[in-house]
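Engineer: One structure coming up, written as C-alpha cells, with questions to follow.
The values are calculated or read from the model by the stated rules, or taken from the named source; none is laboratory data. On a predicted model such as this, the values are computed, not experimentally measured, just so you know. Cβ placement follows ideal geometry from the backbone for every residue including glycine, while neighbour counts extend to all protein chains displayed. Calculation scope for accessible area: heavy atoms of the full protein, side chains included, ligands and nucleic acids excluded. Shrake-Rupley method; radii C 1.70, N 1.55, O 1.52, S 1.80 Å.
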Amino acid sequence: KQKKSTIRFLRKSAKTEKAASHLPNNQKSKSGSKKRKVSFSAEKDEDLIAEQTQPSVIKHKNPAQKRGIESKATKRSSLKDHKTDLENLKDTDPEFFQFLEENDQNLLRFGADESDDDEDEDEDEDDDDNIDDEMDSEDEAEIPITKGNVDSSKHKKGKIEVTAELLRATMKSCSGKNKSSASLKRLLLFFRAACVPDVDEVIVMEDNEDEEEMDTKKKINSSNRYVIVAPEIYEKVMVGVIQTVHKCLQSHLGLKASHQLPSKEALSSQLTQHPRWPKLKSCVLSFFKSLLATLRGLCTQQRQGSAEAVLSFLVDGLASYIPFLAPLPRLCKSVVKVLLEVWCQPPTSQADAAPTSKSSNQSHVATHSAQERAFLRLRQITLALPSASAEECMRAMYLSFARNCKTHSELNESSIQFMMQCVAEIFKLNPALAYQQAFLYIRQLALLLRTAYLKKSSDSLRGVTGWQFTHCVRLWTRVICCLPHCQDGLGELAFPLAQVVGGLLQLSPSVYAAPLKFHLIAALHQLAAACEVFIPTAGKVLEVLEHPDLLSKSTASTEVAPKLALLTMLPSNSITKVAVRDVVVQEALALLRQEAEIYRYNAGYPEYSYLTVRKLRAFAKKCKVAKWRDQSRNLCSHIEQFATHVLSVRAQGQRSPFALASLETFLPSGEPVAYIRLMRLQQLGSQQMQLMKNERLGLGLDGEEEKLVIQEEVTQQLKSSFRGGKKGVTIKETDEVNEEGKEEEEEESDRDEQEELEEEEENVGDLDEIEDSVQALNSWEDL
C-alpha cells in the first residue's frame, strides 16, 4: 500500500512539474517552492520504500547482527564463484575433471549442503517474519469492511475498533456451514489485538526484555488493524476465539475431535500433507504467538484472584490446540518454555484465589490451580506429540526444577513437593526416554561429587551439600521408585544413585551435618523398599548416636527445637542445646525403626541386626536422659522380636538357601510389601509431629477433637505394625521365649531403679552447687 501511494504521489508531482514549466516566470517561483516541498516528501517516501525492500539490513540495529548478515552474503558469493570455477574446469582441464569424478566426487559437490542449510534457515526466518503481513493483506483483500459492520467514527489512527456487531458477524461466518478461512484470519486479528496491547498506549520495555523482543512486539502491534477498547468486547473475543478457532481448524484440515485423533507418528504427516495446511499454518502461528505473549505477561506480573483465573482459563484452553504443534517443533519448544514458566510460579494463597471465602483457617492455604493446568498441558504434549517433544519436555522440566529448588523453607515446601511429583509423573509416561535422561543427570551428580572430592574447596563442598543437590537426589529417588522394575523400568539405576548418596554421606562426617544425612538415608530407605534391594544404612545412623558431642554435658536454653526437614546443616555450637539434641536423637531412632520395618522379613536379618541391637544397648547405658533410654530399649525389643521370628521360620527348613534370593523371603501371604509399610510408618511419624505441633499451639475444641482422633489412629497403627497387623501375621512365641522376656524385663527394671537412685544422688549434688552459686551471687550484689 505504501509503495502504491508513493508511486501515485510521485506521478502527481511529475504532473505539477510539467505544468509549472508552461507557466510564466512570476508564477514559477511559487511552483519552485512547491517543487522543493514535493522533492522533500518524495525523498521521505523513497526512504520508506527502502525500509520495505531491505528489511534484513534495517531491522537489525546491532552491528554484530549486521556483520553476521554480511558474512552470510560474502559466504554465498564465494560459494557461487567456486561452483562456477568447478563447472569451467570441465572445459579448461578435462583430464583433471575426470580424475576428480573417479576418485573424489565430494570435491565437485563442494558447498552444496551448506547452501541448502542457509536456504532452509532463510525460509524459516522469512516464514516467521511474513506471518503478520500475510494475515493483514489477506484480511484486507478478502474481507472488505462495510459500513454495516464498522462505524466510521470509531477509526483511531488508521485502526478499526472491534464492536459487538463486527465480532458477531465474524464469529457467525467462522462457525457456519460455509466456513471461510478469511473470516478465521480476521478473528485471529481480533485475538491478536486483545492479547498484545497497542503500541502507542501501553508498550514499555521491561527489565528482563531484550531489544529484539521489543522490536517484534512493536512489529506485531503496528501491523494490526484493529483495536479493542471495551472490556466486554475483550472478554467476548478471548472466550470466543479459544472456544471456536480449534473447531474451525479441525474442519478445514479434516481432523476429528481431540479424543479421535490419529497416532502421534501419523498426526504430523497428516497435517503437513493436507493441501490447505500451507495457508492455515499462518493462522496456527498467529494464534500461538498472541496467546504466548499474554501468558508471559501474566507470569511476570504479580497475580491476584482475577489474574490467576485468567491464567488458568488460558492454559486450560490450550488443550484443544496441542495437536496442531506436531509439525511445528520450534513453536512447540516455545510453548513448553512458557508452560514451564507458569508451572514454576509460586502458588497463590486461597485468600487471593477466592477472596470471598469466610473461613479464617484456610486463608493461607496454597493452591496450585494454574500450575496443575500447566502440568496437564505438558503431559498432553508428552503423550500426543512425537518423541522429540516428549524428550524436550522431560529435559526442560528437570532443568526448571533444578533452577527453582536452591532453597527450602515452609513457603516453598509445597511447591517443591508438587514439582517433584509432576516430574515423576512425566517420566512414568515413557520409560525408555526416562532411562536415558535419568542416566545422564545421575551421572552429572556423580561428576559434581567427584570434583568436590578432588578440589575440596568451600564452593565445591557447598555445591554438593546444599539444597539443590539434595533435592535432585530426592527427585531421582522418587522417579526410580515410580518405575522400580529392572526389565522395563529404572531399577538398574538404583545402584549408581545409591553410590552417589553413599559418597556424599562419607564427605560430611560432622555431627552438624546430621539433617543432611537423615535426608539422604531416608532416600536410601525408599530405594531399598521400592526396588527390593539391600542397602545397609544402620551404620551411618549409629555414627550420629555414638558421637561424643551428643552425650556431653548440655547447656540450658529456651530456644524452640529446629525443624530438621527444613535444614541441611545445624547451626554452629547448637548440638550442646537440649532441644537440638532431642530432635536429632528422635530422628535417628525413627530411621532405625524404618530400616527394621524394611528388612524384618529378610532371611539374613538376625545376623544384620545383631550389631544394631548391641550398639543401641550401649547407647542406652551411656545415656543419662530417661526418655532416650526408654525409646532405645523399646526399639531393641522390637528388633529382637523380628529377628526371633525369622529364626523360627528358618528353623523349619521349608526353603533351601538357593531360594532365598528376594529381599523379603519370609513375607507372609496378605502382608503388604516393604514400600507400603514404610510409607505407613512415615505417615505415622508425620501425624505424631502434627500432634506435637497442635499441643504447642494450644488449639481449641476442634483441635482437641483432632488430637484425639490422631491419637487413636496412631495407637491402632502402632499396634498393628508391631504385632503384624493381621491374624496370620502375628509372631508366635514359645513359652521359653516368654519366660526369657520376663526375666529380661525384671533385669531392666532393676537397672532402672539403680539408675534412678544414682540420678537422685546427682540431683542432690546439683542442688548443693546451685545453693552455693546463689550465695555467691548474693555476696556480689552486696559488694
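Engineer: Kindly provide the trypsin sites (Lys or Arg not before Pro) of region 453-550 that DSSP labels as loop, not H, G, I, E or B, and whose Cβ sees at most 15 other Cβ atoms within 10 Å. Intermediate results must be reported in sequence, preceding the final value.
Structural biologist: Values: sites: Lys455, Lys456, Arg462, Arg474, Arg478, Lys517, Lys540; in loops: Lys456.
Those satisfying the criteria are Lys456.
Engineer: When the Cα atoms of region 365-420 are enclosed in a convex hull and the volume is divided per residue, what value in Å³ results?
Structural biologist: Dividing the Cα hull volume of region 365-420 by its residues yields 67 Å³.
Engineer: On to the next question. Translational diffusion coefficient, Stokes-Einstein: compute it for region 459-547 using the Kirkwood radius over C-alpha pairs as Rh, at 10 °C and 1.306 mPa s, and state it as an integer in µm² s⁻¹. The partial results should precede the final answer.
Structural biologist: On the way: Rh = 13.4 Å.
Translational diffusion coefficient: 118 µm²/s.
Engineer: Something else now. Using each residue's phi in region 377-384, evaluate 6.51 cos²θ - 1.76 cosθ + 1.60 at θ = phi - 60° and report the 3J(HN,Hα) Karplus result to the nearest Hz, with x for Gly and Pro.
Structural biologist: Whole-Hz 3J(HN,Hα) from phi for region 377-384: 5, 5, 5, 5, 5, 5, 7, 8.
Engineer: Follow-up question, since we're still on this one. Subtract the Cα-Cα distance of Ser510 and Gln444 from 0.36 nm times their separation in residues, and report this length gain in nm to one decimal. List each step's numbers first, then the result.
Structural biologist: Numbers: separation 66, 0.36 × 66 = 23.76 nm, distance 2.53 nm.
Length gained between Ser510 and Gln444: 21.2 nm.
Engineer: Once the other residues with Cβ under 15 Å from the Cβ of Val511 are scored (Lys, Arg +1; Asp, Glu -1), what is the net sum?
Structural biologist: Surrounding charge for Val511 is -1.
Engineer: Report the net charge of residues surrounding Cys486, where surrounding means a beta-carbon distance below 13 angstrom and charges are Lys +1, Arg +1, Asp -1, Glu -1. Write out the running numbers ahead of the final one.
Structural biologist: Details: positive: none; negative: Asp488, Glu492, Glu532.
That sum, taken over residues with Cβ under 13 Å, equals -3.
Engineer: For Phe313 and Arg462, compute 0.36 nm times the residue count separating them, minus their Cα-Cα distance, and round to one decimal in nm. Working shown, then result.
Structural biologist: Working: separation 149, 0.36 × 149 = 53.64 nm, distance 4.17 nm.
Value of the extension gain: 49.5 nm.
Engineer: Sort Thr300, Thr92, Thr348 by accessible area with a 1.4 Å probe, largest first. Could you put the intermediate results ahead of the total?
Structural biologist: Details: Thr300 80, Thr92 105, Thr348 15 Å².
The ranking, largest first, comes out as Thr92, Thr300, Thr348.
Engineer: Amide H neighbours of Tyr226 under 5 Å, counting only residues 5+ apart in sequence or on other chains, H built in-plane at 1.01 Å?
Structural biologist: Result for Tyr226 returns Ile160.
Engineer: A further question follows. Under 5 Å between amide hydrogens, which residues at least 5 positions from Asn412 or on another chain qualify, with H placed 1.01 Å from N in the peptide plane?
Structural biologist: The answer is none.
Engineer: Tell me the Kirkwood radius of region 617-687: reciprocal of the mean inverse pair distance over distinct alpha-carbon atoms, in Å.
Structural biologist: Working: mean 1/r = 0.0664 Å⁻¹.
Kirkwood radius, region 617-687: 15.1 Å.
Engineer: What does the extension gain come out to for Val578 and Leu411, with contour length at 0.36 nm per residue minus their alpha carbon separation? The partial results should precede the final answer.
Structural biologist: On the way: separation 167, 0.36 × 167 = 60.12 nm, distance 2.72 nm.
Gain in length upon complete extension: 57.4 nm.
Engineer: Tell me the accessible surface of Met679 in square angstrom (1.4 angstrom probe, heavy atoms of protein chains only), to the nearest ten.
Structural biologist: 60
Engineer: Here is a further query. Once the Cβ-Cβ distance between Leu429 and Lys553 is put in as r, and R0 is 56 Å, what FRET efficiency do you end up with, to the nearest 0.05? Kindly include the intermediate steps, with their values, before the conclusion.
Structural biologist: Numbers: r = 56 Å, r/R0 = 1.00.
Efficiency at R0 = 56 Å is approximately 0.50.
Engineer: If you roll a 1.4 Å probe over the heavy atoms of the protein chains, what accessible area per residue do you get for region 496-614, in Å²?
Structural biologist: 39
Engineer: Express the C-alpha Rg of region 386-450 as a ratio against the empirical globular expectation 2.2 N^0.38 Å, rounded to two decimals. Can you show the working numbers first?
Structural biologist: Numbers: Rg = 12.9 Å, N = 65, 2.2 N^0.38 = 10.7 Å.
My calculation over the Cα atoms of region 386-450 gives 1.20.
Engineer: Quick one: of Lys517/Lys622; Lys337/Lys455; Lys172/Lys279; Lys337/Lys517; Lys281/Lys428, which pairs are farther than 28 Å apart, Cα to Cα? All intermediate terms of the calculation are to be shown ahead of the outcome.
Structural biologist: Working: Lys517/Lys622 23 Å; Lys337/Lys455 35 Å; Lys172/Lys279 21 Å; Lys337/Lys517 35 Å; Lys281/Lys428 33 Å.
Among Lys517/Lys622; Lys337/Lys455; Lys172/Lys279; Lys337/Lys517; Lys281/Lys428, the Cα-Cα distance tops 28 Å for Lys337/Lys455; Lys337/Lys517; Lys281/Lys428.
Engineer: Can you send over the carbon and sulfur percentage of the accessible area for region 617-683, probe radius 1.4 Å, protein chains only?
Structural biologist: Numbers: 2130 of 3790 Å².
Summing carbon and sulfur atoms, their accessible area is 56 percent of the total for region 617-683.
Engineer: Okay, next question. Once the Cα gyration tensor of region 406-488 is diagonalised, what are the square roots of 5 times its eigenvalues, in whole Å and ordered largest first, as equivalent ellipsoid semi-axes?
Structural biologist: Details: eigenvalues 124, 71, 12 Å².
Result for region 406-488: semi-axes of 25, 19, 8 Å.
Engineer: Mind pulling the per residue volume of the convex hull built on the Cα atoms of region 578-662? Å³ is fine. Mind showing how you got there, number by number?
Structural biologist: Details: hull volume 6.9 nm³, N = 85.
Roughly 81 Å³ of hull volume per residue.
Engineer: Please work out how much accessible surface Phe375 shows to a 1.4 Å probe, ignoring ligands, DNA and RNA, in Å² rounded to 10.
Structural biologist: Counting only protein heavy atoms, the figure is 30 Å².
Engineer: Taking the simple approach of a point 7 Å from Cα along Cα-to-Cβ for both Leu660 and Arg330, what is their distance in nm?
Structural biologist: It works out to 6.5 nm between the two label points.
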